[in-house]
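Undergrad: One structure follows; several queries about it will come next.
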Amino acid sequence: MKLDVVLGLQWGDEGKGKIVDVLAGNYPVVARFQGGPNAGHSLHFEGKSFVLRSIPSGIFRDGAINIIGNGVVLDPITFRKECENIEATGVPVRERIAVSKKAHLILPTHRLLDAANEAAMGKGKIGSTLKGIGPTYTDKVSRNGLRVGDTLAADFRDRYEKLKTRHVK
């Protein structure tokens, strides 16, 4: 099987998503393996514009499977809106996408932590998008975060409340 990988060498807009979109028509699987829903990228075709933040560009390709891998940090609210916007155009998102149960969830407290961290840095701030991506990766690395698969657990709400309380301290 032929495999191409598009890697970025810097943070920010460097055109990765647009390159993947050009290549996506040649592959049965398009995967996103890391990153979060920051600025996203715009795709324009058939007189319509789409902004993709979490969903791989192959979502618009018939027969393509799109994977959101375990290295991605996923904001469930942003992801749901993105899916709904694409589905409204007739694209069968649910049939074309798979999300790893090990992808970490961006929680509302991650956004608050992101803003607080940025404010605390003053003039030395990094220019965060304030989407909670950095704090979510911090939880992922420290093995304290919640993952997509955790939403299926009977004690999910308890886990969420415990993590939320830990963030507030």
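Each reported figure results from applying straightforward, stated rules to the coordinates on display, with no laboratory input. Computed from a predicted structure; not experimentally measured. Here the Cβ is made from the backbone with ideal geometry for all residues, glycine too, and neighbour counts use every protein chain on show.
Undergrad: Just want to confirm a number: the relative contact order over the chain, from Cα pairs under 8 angstrom separated by 6+ residues, in percent. Write down the numbers at each step before the final one.
TA: Details: 250 pairs, mean separation 30.4, N = 169.
Answer for the chain is 18 percent.
Undergrad: Quick one: Karplus J couplings for the range 73-86, per residue in order, coefficients 6.51, -1.76, 1.60, θ = phi - 60°, nearest Hz, x for Gly and Pro?
TA: Listing the rounded values in order: 9, 10, 8, x, 6, 4, 4, 4, 4, 4, 4, 4, 5, 6 Hz.
Undergrad: Would you please give the FRET efficiency between residue 160 and residue 22, computed as 1/(1 + (r/R0)^6) with r the Cβ-Cβ distance and R0 = 41 Å, to the nearest 0.05? Mind dumping the intermediate values first?
TA: Details: r = 39 Å, r/R0 = 0.96.
Once the sixth-power term is evaluated, E becomes 0.55.
Undergrad: By the gyration tensor of its Cα atoms, with a ≥ b ≥ c the square roots of the eigenvalues, what is the shape of the range 16-99: rounded for a/c under 1.5, prolate for a/b over b/c, or oblate? List each step's numbers first, then the result.
TA: Details: a/c = 1.26, a/b = 1.11, b/c = 1.13.
Because its axes are fairly even, with a/c under 1.5, the range 16-99 counts as rounded.
Undergrad: While we're here: Placing +1 on the Cβ of each Lys and Arg and -1 on the Cβ of each Asp and Glu in the range 105-168, which of 135, 153, 107 has its Cα farthest towards the positive end of the resulting dipole?
TA: After comparing all options, I get 135.
Undergrad: Can you give the relative contact order of the range 105-168 as a percent, counting alpha carbon pairs under 8 Å and 6+ residues apart? List each step's numbers first, then the result.
TA: On the way: 50 pairs, mean separation 24.3, N = 64.
Rounded, it is 38 percent for the range 105-168.
Undergrad: Residue by residue through the range 143-150, which ³J(HN,Hα) values in whole Hz follow from phi under the Karplus form 6.51 cos²θ - 1.76 cosθ + 1.60 (θ = phi - 60°), with glycine and proline marked x?
TA: Taking θ as phi minus 60°, the curve returns 6, 10, x, 9, 10, 3, x, 5 Hz for the range 143-150.
Undergrad: What are the ³J(HN,Hα) couplings of the range 17-26, residue after residue, when phi is run through the Karplus curve with 6.51, -1.76, 1.60 and θ = phi - 60°? Round to Hz, x for glycine and proline.
TA: Karplus values, whole Hz, x for Gly and Pro: x, 5, 5, 4, 4, 5, 7, 3, x, 9.
Undergrad: Another question about this same structure. What percent does the relative contact order of the range 16-99 come to when contacts are Cα pairs within less than 8 Å and at least six residues apart?
TA: Details: 133 pairs, mean separation 26.9, N = 84.
After rounding, I find 32 percent.
Undergrad: Greater than 30 Å separation of Cα atoms is the criterion. Which listed pairs, 81/123; 102/123; 102/164; 101/123; 18/102; 48/164, meet it? Write down the numbers at each step before the final one.
TA: Details: 81/123 34 Å; 102/123 36 Å; 102/164 19 Å; 101/123 38 Å; 18/102 26 Å; 48/164 39 Å.
Cα-Cα > 30 Å for 81/123; 102/123; 101/123; 48/164; rest within.
Undergrad: In addition: About the Cα centre of the chain, what is the dipole size in debye to 20, counting +1 per Lys and Arg Cβ and -1 per Asp and Glu Cβ, all else neutral? Don't skip to the end; give the middle numbers.
TA: On the way: 26 positive and 18 negative charges, 113 e Å.
Rounded to the nearest 20 debye, it is 540 debye.
Undergrad: Tell me which residues come under 5 Å, amide H to amide H, from residue 66 once H is placed; ignore anything under 5 positions away on its chain.
TA: 30, 97, 98
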